[in-house]
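What follows draws every value from the coordinates through simple rules; no lab data is involved. Treat the numbers as computed from the prediction; the structure is a model and nothing was measured. Ideal geometry is used to build each Cβ from the backbone, glycine not excepted, and the neighbour counts take in all protein chains shown.
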Amino acid sequence: MVSVIARYAGDPMGGLTMECPECLTDTMAPRLTTKGVELDECRTCGSIWFDRGEILFYVRAIRTFDQALADATRVSSIGDRCSPVSNAPMADLVFPGGGTIARDPETGGVWVPGNEAASLRHDGALDIRWHAGAVTGAALRFRMPNLVSRSIFTLAGLYAVLSLVLITMSLYAGLSAGACLLIAVAFAAIQFAIGPFMMDLMLRCASLSRAQRTL
Ligand SMILES: [Zn+2]
């Protein structure tokens, strides 16, 4: 993550995209995985860039993959694709199974072509699940409480209790109809006056409790 921030901070364009080694366009952009880590994925061809060691978080058989990676590195040859990070020509790593990925000799990062990423994910060798929703700050997003239904239920409940109290008082305590009406009107006026404040308080409590659970 730190290297990602450092890399993008140095981008003179100020953007978050990198050049895809395959498409040769700035179509590689960060995308959040369900593990909470951002990987760079090409929006056009689906190729994925992993910073050094990052790919091991997504590989099912880590030891087998690590060994294959070491073997492939020994017999690797410099290919014609350049690293999206260092711009150095990358080494093509051919796996025993026939798949080919590329490794940046300068940063140790690994680039997986789109078709390779698709077949590795299909085989279950690479377990990448994209986080649904926005890329940044997604972890802090939360569902707003349903204020409409909550308000309606709260108000209906309040006025039901108030009606019951007023009916009881007029029947058994000799409260006049005019006094009952006056109390009801006063109650409604107070409710409308402090309603917005209560709503604001409700939202604050909801977001605060959510933030405490997240952090
Ligand atoms: Zn691409």
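Cβ crowding within 10 Å ranks Thr34, Thr154, Thr17 as Thr34, Thr154, Thr17, fewest other Cβ atoms first. Other residues within the sphere of radius under 10 Å centred on the Cβ of Arg121, judged by their own Cβ, net out at -2 (K and R +1, D and E -1).
Cβ crowding within 10 Å, taken as a proxy for footprinting-reagent exposure, orders Ile152, Ile183, Ile101 from fewest neighbours to most as Ile152, Ile183, Ile101. The fraction of Cα-Cα pairs per 5 angstrom bin, counted from 0 for the range 2-137, comes to 2, 10, 20, 25, 22, 13, 5, 2, 0 percent, rounded to whole percents. Where Lys and Arg each count +1 and Asp and Glu each count -1, what net charge lies around Gly98 among other residues with Cβ under 15 Å from its Cβ? Residues close to Gly98 contribute a combined charge of -4. The ranking of Arg63, Arg121 by Cβ neighbour count inside 10 Å, starting from the fewest, reads Arg63, Arg121.
Taking a Cβ cut-off of under 12 Å around Ala88, the surrounding Lys, Arg, Asp and Glu residues balance to a net charge of 0, with basic ones at +1 and acidic ones at -1.
Across the range 58-97 the C-alpha pair distances fall into 5 Å bins from zero in the proportions 6, 24, 20, 21, 20, 9 percent.
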